[in-house]
Amino acid sequence: MQGETGVIGAILLLLGQDLKLPAEVKGEPAAFITVLADTQGKSVKFFPLDAGLSVFPAALLANPKATVVTAAQPGRYKLLAYTAVGETLSDPVICTVVIGQSVPPPPAPVEDPLATALAGMYGGLQEAGKAQTVLALAKVFRSVDPAKFSDIGGLYSALTAAGAAIPKESCRPLRERIGDHLAGVLGEDPGKPLTDDLRAKARAELARVATILEKLQ
């Protein structure tokens, strides 16, 4: 009988220590964050170990194995819990509540070097009507379709013809920078064939240039 009592006591001790919490729970400042325990005990007691972390009164919660915590300030807070099976208490278990760090900051936007260069040039231009000129240039790059040409020379000639009405000296630094960019990306040889891949690249670059110019206002 005494041996049987010892076995029962050992079982109760093991059951009493069977309490698990998530290592971390995350949320935003002032949000209500649920912490759920995994245990064979009927109820779990929760206690905040760090100032600033508030725990809802157990009487207000439907699940006796869970709690709801909140904190007004970002930070890392410790939450202690324990349970019991019969008269045997579990070992205390600690969970970390992470406030304000649940979502990583968005990556910094990648700057378009061409857009940066043209914006700097545009800002430094001291000429009347520059806003109208860049919009007119944008329309030029929108109007030319690379699918209509068989080689690079034909594409460049079409761009020149489409922009013939724009005075040659208007926004000259921008136009030269765009010309250098297109030559570097698409090539300078007028006889270079416009393959399907190169046409797709040319179409993308013309749209890119047009979009940059439209945003300079």
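From the list L198, L174, L186, which residue is within 14 Å of A117 (Cα to Cα), without any contact (Cβ under 8 Å) to a residue 60 or more places away in the chain and buried (at least 18 other Cβ atoms within 10 Å of the Cβ)?
Result of the check over L198, L174, L186: L174.
Looking only at segment 140-149, which residues are surrounded by 14 or more Cβ atoms within 10 Å (Cβ to Cβ) and over 33 Å from the mean Cα position of the chain (by Cα)?
Start the filter on segment 140-149 by keeping residues that are surrounded by 14 or more Cβ atoms within 10 Å (Cβ to Cβ), which leaves 140-142, 144, 146, 149.
Those that are surrounded by 14 or more Cβ atoms within 10 Å (Cβ to Cβ) and over 33 Å from the mean Cα position of the chain (by Cα): V140, V144, P146, F149.
Of the conditions (1) over 28 Å from the mean Cα position of the chain (by Cα); (2) of a type in the set (A, V, I, L, M); (3) farther than 25 Å from R199 by Cβ, A136 fails just one. Which one is it?
(3)
Filter segment 91-124 down to the residues that are farther than 14 Å from I212 by Cβ and surrounded by 15 or more Cβ atoms within 10 Å (Cβ to Cβ) and list them by number. Walk me through how you get there before you give the answer.
Here is the first cut: in segment 91-124, the ones farther than 14 Å from I212 by Cβ are 91-110, 124.
Hits for segment 91-124 are V93, C95, T96, V97, V98, I99, G100.
Which one of these is farther than 25 Å from D112 by Cα and among the β-branched types (V, I, T): I166, I212?
Only one candidate passes the filter, namely I166.
Kindly indicate whether E28 is surrounded by fewer than 16 Cβ atoms within 10 Å (Cβ to Cβ) and assigned by TED's automatic domain parsing to the domain that holds A210.
On the way: surrounded by fewer than 16 Cβ atoms within 10 Å (Cβ to Cβ): yes; assigned by TED's automatic domain parsing to the domain that holds A210: no.
So E28 fails the test.
For segment 160-214, give me each residue that is basic (K, R) and under 16 Å from L125 (Cα atoms).
The initial filter retains those residues of segment 160-214 that are basic (K, R), namely 168, 172, 175, 177, 192, 199, 201, 203, 208.
Within segment 160-214, K168, R172, R175, R177 qualify.
If you scan segment 40-56, which residues turn out to be at pLDDT 95 or above and among the polar types (S, T, N, Q)?
S54
The values are calculated or read from the model by the stated rules, or taken from the named source; none is laboratory data. Everything numeric here is computed off the predicted structure, so don't read it as measured data. A quick note on method: Cβ atoms are made from the backbone with ideal geometry, for glycine too, and the neighbour counts reach across all protein chains shown.
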